[in-house]
Each structure stands twice: as structure tokens, then as C-alpha cells.
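Here's the structure we're looking at; comments come further down.
The values are calculated or read from the model by the stated rules, or taken from the named source; none is laboratory data. All values derive from a computational prediction rather than experimental measurement. Methodologically, a virtual Cβ is constructed for each residue, glycine included, from the backbone with ideal geometry; neighbour enumeration extends over all protein chains shown. The accessibility values were calculated without ligands, DNA or RNA, using every heavy atom of the protein model including side chains. Shrake-Rupley method; radii C 1.70, N 1.55, O 1.52, S 1.80 Å.
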Amino acid sequence: AEEQLKLLRESYGVGHHEYATAMNNVATLYQALGRYREAEPLLLDASKIQQRTLGQDHPHTVASLSNLATVYEAMGQSERAKAMQVLVTQMKRDWEEKQKRKK
């Protein structure tokens with residue numbers, strides 16, 4: 001996953017949504033290994049890139065923020081995790097509403 005991140009950074013640059021997806025993947029690996037402090041900044045950066053390139057309520061953006069909420073919970077930051085999960089839930093609703101309007 002770390003090698004994928006490096007290759008995508010070199011290929012697309014740091015502002016591309018594919019790079020953000022790779023950041024999310026590496027962060028998820030770190031999360032699984034209990035390396036929460038390393039996962040957090042990757043998820044923050046990934047979600048910022050995704051918000052800018054894909055939109056605030058895009059499923060990839062929402063997934064990164066949901067992963068971030070999980071990291072906060074694992075780090076013992078329950079209030080922060082809860083606030084993030086509330087945001088994620090609202091973003092999911094917004095996305096669903098947009099999809100309904102397109103039909």
C-alpha cells in the first residue's frame with residue numbers, strides 16, 4: 001500500500017483523487033496495525049483532496065471521514081469520533097438526496 005501511494009504521487013501528483021484513495025488505503029492499513037497517529041493525518045489529507053476534487057458528500061470522501069471517526073474512537077477521542085460520525089451520516093443523506101433528484 002505504501003508503494004502504491006508513492007507511485008500514484010509520482011504519477012498523478014498530490015492533489016489527485018486517486019492519490020487520495022491511496023492515502024486512505026495506507027491509512028486503513030495503519031489503522032489495522034494500530035498505528036492510529038500515522039493514519040490520522042493521511043485520512044485528514046485524503047478527505048480534503050476528495051472534498052476538493054470529488055465533492056463533500058461523495059462516497060469516497062465519506063469513506064475517508066468514516067475511517068477517521070474510527071481512528072478517533074480507537075485513539076480514545078470519543079467526542080471527536082461521535083461528531084465525525086454525525087457529519088458522515090449527514091453527508092450520506094445529502095448524497096442519497098442528490099441521487100434521488102437525478103432520477
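Key figures for this structure:
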quantity: Residue in region 50-70 that is without any contact (Cβ under 8 Å) to a residue 40 or more places away in the chain, touching a His at 6+ places or on another chain (Cβ under 7 Å), crowded, with 17+ Cβ neighbours inside 10 Å and not aliphatic (A, V, I, L, M) present; calculated: yes
quantity: Boolean, GLN4 is in a helix (DSSP H, G or I) and either buried (at least 18 other Cβ atoms within 10 Å of the Cβ) or at pLDDT 95 or above (or both); calculated: no
quantity: Filtered residues of region 9-49 (kept if touching a residue at least 40 places away in the same chain (Cβ under 8 Å) and open to solvent by 50 Å² or more (accessible area, probe 1.4 Å)); calculated: HIS17
